[in-house]
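Right, one structure below, let's go through it.
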Amino acid sequence: MNNEFYNTELLIRYLDKELSAEEMIALEQRLAAEQGLREELERLKLAREAVRLHGLKQQVKKIHTEMRGTASANPIIGRNNIRAIGKWTMRIAAVVVLVVLGVGVYQYATLSNEKLFAEQYQPYEMRASRGAETESPVEAAYKKKDFPGVIAVFNNVSTHATADYFLVGQAYLQQNNNKEAIRNLELANASADTSHLYKDE
């Protein structure tokens, strides 16, 4: 975080033409090599323009006028104070704009398919069956939420029903193995089983 603030301060001084010749050369070499630094410089330029367009320049002029009135006794000190206040006002405004932009970029950048999936995904819960249906070993393991066991039992059985493909697909989802989950769920969907229970699921 300190490094980011250092870079921001350095770029502001660069835009204000306050860097020494050596600092200017070193920064221009970094700008040529570091895309992130170039992007931050562009954001600072945009922030300055946004501040200018939103009337900050008029506020700074008002402060200048007030400071000139109070600093008439010592014009040299007054001019330096006005310059310093103007620069700090621009810096503060630029930082505020950068923070607002940063929050927007962070929210946009952190919105992803994976995050949305993690927030919305709920594991499949087996329905309670009402009858004397016998459950397969895969179904029994899934009811216990033994997902590695579901996969192991599935791999040890030679013939599989639609339910087995569906449940092992769900187990692979729980194990974060999306490739196998998709493959088995597609097999469940393509099954010739006339029961549509798991196909609908």
Requested in this report: Just grab the label-to-label distance for A32 and K17, each label 7 Å out from Cα along the Cβ direction, in nm (one decimal).
Outcome: 2.2 nm
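Applying a 10 Å radius around every beta-carbon, put 171-178, 22-29 in order of their mean neighbour count, most first.
Values: 171-178: 16.8, 22-29: 12.4.
Descending packing order for the listed peptides: 171-178, 22-29.
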Report summary line: The simple spin-label model distance between L187 and V105, using points 7 Å out along Cα→Cβ, in nm, is 4.6 nm
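What is the calculated FRET efficiency for K144 to K179, with r their C-beta to C-beta distance and R₀ = 30 Å, to the nearest 0.05?
On the way: r = 25 Å, r/R0 = 0.83.
Between K144 and K179 the formula returns 0.75.
Taken together, the values in this text are just the output of simple stated rules run on the coordinates, not laboratory data. None of these values were measured; they are calculated from a predicted model. Ideal geometry is used to build each Cβ from the backbone, glycine not excepted, and the neighbour counts take in all protein chains shown.
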